[in-house]
1. Of the residues 135, 169, 176, which is in contact with a helix residue (DSSP H, G or I) (Cβ under 9 Å, 6 or more places away or on another chain) and within 20 Å of residue 123 (Cβ to Cβ)?
2. Condition (residue is modelled with pLDDT of 95 or more, surrounded by fewer than 15 Cβ atoms within 10 Å (Cβ to Cβ), in a strand (DSSP E or B) and under 20 Å from the mean Cα position of the chain (by Cα)) applied to the stretch 53-73: is it met by at least one residue?
3. How about the stretch 147-167: which of its residues are touching a strand residue (DSSP E or B) at 6+ places or on another chain (Cβ under 7 Å), over 15 Å from residue 88 (Cβ atoms) and in a loop (DSSP other than H, G, I, E, B)?
4. Go through (1) closer than 19 Å to residue 97 by Cβ; (2) in a strand (DSSP E or B) and name the single condition residue 219 misses.
5. Within the set of pairs 6+ apart or on separate chains, which have a first residue in the stretch 99-124 that is touching a residue at least 60 places away in the same chain (Cβ under 8 Å) and on the phi > 0 side of the Ramachandran plot, a second that is part of a strand (DSSP E or B) and crowded, with 20+ Cβ neighbours inside 10 Å, and C-beta atoms under 6 Å apart?
6. Which one of these is touching a residue at least 40 places away in the same chain (Cβ under 8 Å), surrounded by fewer than 21 Cβ atoms within 10 Å (Cβ to Cβ), touching a strand residue (DSSP E or B) at 6+ places or on another chain (Cβ under 8 Å) and closer than 26 Å to residue 77 by Cβ: 137, 188, 219?
7. One residue is enough: does the stretch 174-195 have a residue meeting the conditions in a loop (DSSP other than H, G, I, E, B) and farther than 26 Å from residue 55 by Cβ?
């Protein structure tokens, strides 16, 4: 969940989203499916292939900042290598008035429990100087600052209220930026949403009527 002043759960499902502690992250990763160590670049690129109704909408391609967000980047890449994100949904899309984000990385269906296979929470690296600007990717978390696991969000507009120190003295850690697929991002932002029944969201219109799916997450060659 993203805890922007409130704890977020997809309808009736409790789950944690944003920063975590680095436990279990070795800094070394394998190429997805290869089983062989790979020395990842300082700015590795990952692609999220988005599908809806069985049709491909294209890829969201992000360049990650391993120099400024090493723990967060390595954590995210670990989930990519685990194939954890494959088949998860974009379970939250909100375009205001308080924040503008899409959120995913934790569920395979609405009203479901979080997908098994999450690793330990990681350290919140929101003090890294990166801002929650349109097109940046950041980690979601619970209300406690160091609780991010697998869930992430993408900023659909500039969200300065999510920057360090935020309202809780921590804010939310940005660890990369969109470098391809802006049309896909806009298409997701325009989908129909319903009022979320979670009372903690105070009537936020953010539950996708038909959630897009991360069909596949993969590491791309860096340029």
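The values are calculated or read from the model by the stated rules, or taken from the named source; none is laboratory data. Computed from a prediction, not measured in an experiment: that's the story for all the values here. All Cβ positions, glycine included, derive from the backbone under ideal geometry; neighbour counts span all protein chains shown.
1. None of the others qualify; the one that does is 176.
2. Looking for residues that are modelled with pLDDT of 95 or more, surrounded by fewer than 15 Cβ atoms within 10 Å (Cβ to Cβ), in a strand (DSSP E or B) and under 20 Å from the mean Cα position of the chain (by Cα), one finds at least one in the stretch 53-73, hence yes.
3. The answer is 156, 157, 159.
4. Of (1) closer than 19 Å to residue 97 by Cβ; (2) in a strand (DSSP E or B), only one is false for residue 219: (1).
5. 105/88; 105/152
6. After ruling out the rest, the residue left standing is 219.
7. The answer is no, given that none of the residues of the stretch 174-195 is in a loop (DSSP other than H, G, I, E, B) and farther than 26 Å from residue 55 by Cβ.
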